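Below is one structure, written out as structure tokens, with a few remarks after it.
The values are calculated or read from the model by the stated rules, or taken from the named source; none is laboratory data. Source: prediction; values computed, not measured. We place every Cβ from the backbone using ideal geometry, glycine too, and count neighbours over all the protein chains shown. The accessibility values were calculated without ligands, DNA or RNA, using every heavy atom of the protein model including side chains. Shrake-Rupley method; radii C 1.70, N 1.55, O 1.52, S 1.80 Å.
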Amino acid sequence: MSFSDYFDMEKEIIDENCLILRIPFKEDYLNKIGAIHGGVIMTLADNASGDLANSFGMVAPTLSMTTHFLRPIIKSKYIYAKAEILKKGKRIITVDCTVYGDDEKIAATTRTEFAVTKKK
């Protein structure tokens with residue numbers, strides 16, 4: 001079992017430049033103030049962005065990831081991450097991602113850059 005398998009992620013491909021991952025809410029994901037832990041949010045965003053960047057038949061490991069936490073997710077049946085390609089270059093793929101709950105209010109945003117290293 002991989003680290004990501006712990007989260008029971010479900011993927012919906014919107015098109016070649018966009019996908020949504022979602023995970024079911026679990027009490028285990030809460031931090032001390034009762035909100036979804038930032039590490040869970042970043043894991044979901046990293047997986048959504050990485051799945052999208054690596055969907056072009058290339059191996060593209062993460063170069064950098066910047067996260068902005070905007071509001072807490074307190075209670076939600078699911079937690080969602082919507083990843084969208086911002087720029088796909090020959091050597092770098094840039095992906096923006098929004099994380100939100102069932103209310104669709106953005107809780108966090110990320111921008112991640114991936115280095116295109118080789119074809120699969």
If you add up the charges near Ile85, with Lys and Arg at +1 and Asp and Glu at -1, over every other residue whose beta carbon is less than 13 angstrom from its beta carbon, what do you get?
-2
Of Ala45, Ala107, Ala35, which has the largest mean-square fluctuation in a 10 Å C-alpha GNM of the chain?
Ala35
0 to 90° range, to nearest 10: angle between helix 38-53 axis and the chain longest Cα axis
30 degrees
Could you compute the FRET efficiency for Phe3 and Asp103, with r as their C-beta to C-beta distance and R0 at 22 Å, rounded to 0.05?
0.20
Per the 1/(1 + (r/R0)^6) rule, R0 = 25 Å and r from the Cβ atoms of Phe69 and Ile13, FRET efficiency to 0.05 is 0.40
In nm, the gap between the two label points placed 7 Å beyond Cα toward Cβ at Arg91 and Ser55 is 2.6 nm
Between Leu21, Leu70, Leu44, where does the largest GNM mean-square fluctuation fall for the chain, given springs only between Cα atoms within less than 10 Å?
Leu70
Solvent-accessible surface (1.4 angstrom probe) belonging to Met9, in square angstrom, nearest 10:
50 Å²
For segment 1-100, what is the accessible area per residue in Å² when the probe is 1.4 Å?
57 Å²
Going by accessible area, probe 1.4 Å, with all protein chains left in place, what is the ranking of Val59, Val99, largest first?
Val59, Val99
Among Lys90, Lys32, Lys75, which one shows the biggest mean-square fluctuation in a GNM of the chain, springs joining Cα atoms closer than 10 Å?
Lys32
Semi-axis lengths (Å, descending) of the ellipsoid that matches the C-alpha gyration tensor of the chain:
25, 14, 13
